[in-house]
Amino acid sequence: MSRTIKVLLAEDQSMVREALAALLGLEPDIEVVAQVARGDEVLAAARAHDVDVALLDIEMPGKTGIEAAAEVHKELPGIKLLILTTFGRPGYLRSAMESGADAFLVKDAPAAQLAAAVRKVLAGERVIDPTLAAAALAEGANPLTDREREVLRAAADGSTNAELATTLHLSQGTVRNYLSTAIQKLTARNRAEAVRIAREKGWL
């Protein structure tokens, strides 16, 4: 008899999480042993339940699925990581792969495809939604440096340069330079538009 695959589900919308758990629970060789609604709860749950595969939504409170994946990949490298998203934003695919993810699928993929992906990653394969893969190749690489992304993310709430400088422990001039470069790279008119463009492409 084949061993049961222990799965952790991380998804902040309870209805979606419960539906995914129910669908995966119908598979004879898959058991959902833990469910969390926050990205910053993923590592502890993965460790406590000795899971084989973690299915992570991208948009969660506490930490994004991509940040949680990177944390699990570093601390518990034996766990296979599958990123699920409603966002067909190609930049997310690149970020997910860089975080150590083994699979990247859209949430509305058929249940059988999701179950197959769980089995495949456990067997050492990489599974990527073909539409997302094609879009990521067409889009090209994220032009922003890590620091430019950090400053742009922090600026998303409308903080002033002075506030950003304090938060990020940088000088106001440095903050201004990073924002200016990011705006130019994204061919945006201002920081708000730069944030919007970067988010749409999955580059933040």
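The values are calculated or read from the model by the stated rules, or taken from the named source; none is laboratory data. It should be emphasised that the depicted structure is a prediction, and the values quoted were computed from it without experimental measurement. FYI the Cβ positions are ideal-geometry reconstructions off the backbone, even for glycines, and counts take in every protein chain you see. Just the protein is used for accessible areas: all its heavy atoms, side chains included, with ligands, DNA and RNA removed. Shrake-Rupley method; radii C 1.70, N 1.55, O 1.52, S 1.80 Å.
Restricting segment 144-174 to residues that are outside any helix (DSSP H, G or I) and open to solvent by 50 Å² or more (accessible area, probe 1.4 Å) leaves a set whose member that is nearest to Leu204 (Cα to Cα) is Thr145. Scanning segment 10-57 for residues that are more than 15 Å from the chain's Cα centre (by Cα), acidic (Asp, Glu) and open to solvent by less than 40 Å² (accessible area, probe 1.4 Å) yields Asp29, Asp52. Asn177 satisfies every condition listed in (1) among the polar types (S, T, N, Q); (2) open to solvent by 60 Å² or more (accessible area, probe 1.4 Å); (3) under 25 Å from the mean Cα position of the chain (by Cα) except (3). Set side by side, the residues Thr131, Thr160 differ, and just one is touching a residue at least 12 places away in the same chain (Cβ under 8 Å), of a type in the set (Ser, Thr, Tyr) and out of contact with any Lys or Arg (no Cβ under 8 Å at 6 or more places or on another chain), which is Thr131. Beta carbons closer than 7 Å, at least 6 apart along the sequence or on distinct chains, pair a first residue in segment 64-80 that is over 12 Å from Ala45 (Cβ atoms) and open to solvent by less than 40 Å² (accessible area, probe 1.4 Å) with a second that is in a helix (DSSP H, G or I) and at pLDDT 95 or above for Gly65/Gly39. Only a single item in (1) closer than 26 Å to Ala141 by Cα; (2) out of contact with any helix residue (DSSP H, G or I) (no Cβ under 9 Å at 6 or more places or on another chain); (3) open to solvent by 50 Å² or more (accessible area, probe 1.4 Å) is not met by Glu98, and it is number (2). Checking the structure you have, find out if any residue of segment 109-116 is part of a helix (DSSP H, G or I), polar (S, T, N, Q) and surrounded by 17 or more Cβ atoms within 10 Å (Cβ to Cβ). Checking segment 109-116: not a single residue is part of a helix (DSSP H, G or I), polar (S, T, N, Q) and surrounded by 17 or more Cβ atoms within 10 Å (Cβ to Cβ). How do the pairs read when you match residues in segment 180-199 that are among the charged types (D, E, K, R) with residues anywhere that are surrounded by 17 or more Cβ atoms within 10 Å (Cβ to Cβ), using Cβ under 6 Å and keeping only pairs 6 or more apart or on different chains? Matching pairs, first to second residue: Arg191/Ala155; Arg191/Leu179.
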